[in-house]
Amino acid sequence: MSDRLMLLDSASLYFRAFYGVPDTVKAPDGTPVNAVRGFLDIIAKLVTLYEPTHIVACWDDDWRPQWRVDLIPSYKTHRVAQPVDDAPDVEVVPDPLESQVPVIRETLTALGIAIVGAAEHEADDVIGTLTTTAAMPVDIVTGDRDLFQLIDDDRDVRVVYTARGMSNLEVLTDEVVFAMYGVHARQYADFAAMRGDSSDGLPGVKGIGDKSAATLLAAHGDLDGIVAAAKAGGGMPAGQQAKILAALAYIEVAPTVVEVVRDLDLPLGETKIEPLDPKQTDAAEALAEKWNLGGPMGRAIAALAR
């Protein structure tokens with residue numbers, strides 16, 4: 001089997017698991033475990049379908065880094081439950097899910113899956129760094145379009161896109177991204193910066209939508225080329241030129257917010273998938289009994305052992 005690294009956008013997946021499995025599923029002590037069980041089944045399905053040899057659960061150590069907020073104050077503002085001084089803001093997370101996140105981390109550790117985060121950075125930045133430094137093909141599992149910017153056909157970097165649900169997974173290559181948006185994956189960050197993204201609180205360039213952004217990128221290559229053409233006064237309709245020039249302050253900072261970081265110094269341990277030894281299996285099964293994870297834990301163990 002050829003080596004292949006799978007990078008899990010963990011928060012994206014455990015939110016999906018939480019809303020995909022009824023919250024009536026509980027542990028013996030009454031704690032909801034629907035997200036934990038769903039997350040384990042997601043892992044079992046992904047490993048079975050795509051047969052990675054290495055896997056990392058990438059973590060949001062800071063889901064809303066201050067350095068991004070300093071550049072664009074509206075960044076993820078609508079998802080802040082409580083501002084916190086000198087610490088990451090508290091994100092809006094349903095209480096029944098919040099209590100399950102530590103259990104998810106515990107189960108990942110029991111399965112021998114590395115959990116990697118970075119201070120003052122999002123999971124996207126961890127994924128960006130691990131993708132950039134990987135010496136093997138990469139599958140990025142996410143429901144976040146921002147990570148389309150990492151797709152690279154030459155290096156066999158794909159996105160396994162979960163937005164339509166785990167029963168309708170899509171494997172995205174550069175060709176697929178171009179068919180969807182009219183831009184190449186390497187242009188996606190500039191495309192997203194221009195058209196904006198309400199889910200991340202990015203205002204975009206007023207009056208520039210998907211079609212206009214794609215047309216401008218096709219003509220000028222990247223955001224720098226678009227700005228240069230607008231300042232030179234040629235190569236685009238007067239209306240688009242005026243919109244670009246009016247948004248120069250935003251355009252100056254937006255790429256730093258939208259582009260994932262690719263050069264973090266990460267404490268990366270063992271990522272190779274190995275079958276659990278008898279002691280590890282006993283510990284995982286004990287954890288499954290404690291939290292009522294029997295079937296999903298068994299399926300995850302079996303998938304990782306293949």
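Details
- Strands (runs of 3 or more DSSP E) contained entirely in the range 1-108, each with at least 1 residues that are loosely packed, with under 15 Cβ neighbours inside 10 Å: 80-82
- Qualifying residue in the range 295-306 (condition: under 13 Å from MET194 (Cβ atoms) and not aliphatic (A, V, I, L, M)): no
- Of the helices (runs of 4 or more DSSP H) lying entirely inside the range 237-306, those carrying at least 1 residues that are hydroxyl-bearing (Ser, Thr, Tyr), touching a residue at least 24 places away in the same chain (Cβ under 8 Å) and in the same structural domain as VAL227 (by TED's automatic domain parsing) are 248-258.
- When the criteria are applied in full, ILE127 fails the requirement of being at pLDDT 95 or above, hydrophobic (A, V, I, L, M, F, W, C) and not in a helix (DSSP H, G or I).
- Residues that are buried (at least 18 other Cβ atoms within 10 Å of the Cβ) and more than 32 Å from the chain's Cα centre (by Cα), drawn from the range 227-251: ALA229, ALA230, MET236, GLN241
- Hey, ASP146 at negative phi and in contact (Cβ under 8 Å) with a residue 60 or more places away in the chain or not: yes
- Within the range 262-306, the set of residues being in contact with a helix residue (DSSP H, G or I) (Cβ under 7 Å, 6 or more places away or on another chain), surrounded by 18 or more Cβ atoms within 10 Å (Cβ to Cβ) and more than 26 Å from GLU51 (Cα to Cα) comprises LEU264, TRP291.
- For the range 110-124, the count of residues that are under 24 Å from ALA214 (Cα atoms), in contact (Cβ under 8 Å) with a residue 60 or more places away in the chain and out of contact with any Gly (no Cβ under 9 Å at 6 or more places or on another chain) is nonzero.
- Selection count, the range 17-33, where residues are without any contact (Cβ under 8 Å) to a residue 40 or more places away in the chain and more than 16 Å from VAL101 (Cβ to Cβ): 4
- Being surrounded by fewer than 21 Cβ atoms within 10 Å (Cβ to Cβ) and within 12 Å of the chain's Cα centre (by Cα) is a property that ARG145 has.
- Within the range 109-118, if we keep just the residues that are assigned to a loop (DSSP other than H, G, I, E, B) and of a type in the set (A, V, I, L, M, F, W, C), the residue that is nearest to ASP282 (Cα to Cα) turns out to be LEU111.
The values are calculated or read from the model by the stated rules, or taken from the named source; none is laboratory data. It should be emphasised that the depicted structure is a prediction, and the values quoted were computed from it without experimental measurement. Neighbour counts are summed over all protein chains in view; Cβ atoms, including those assigned to glycine, are modelled from backbone coordinates with ideal geometry.
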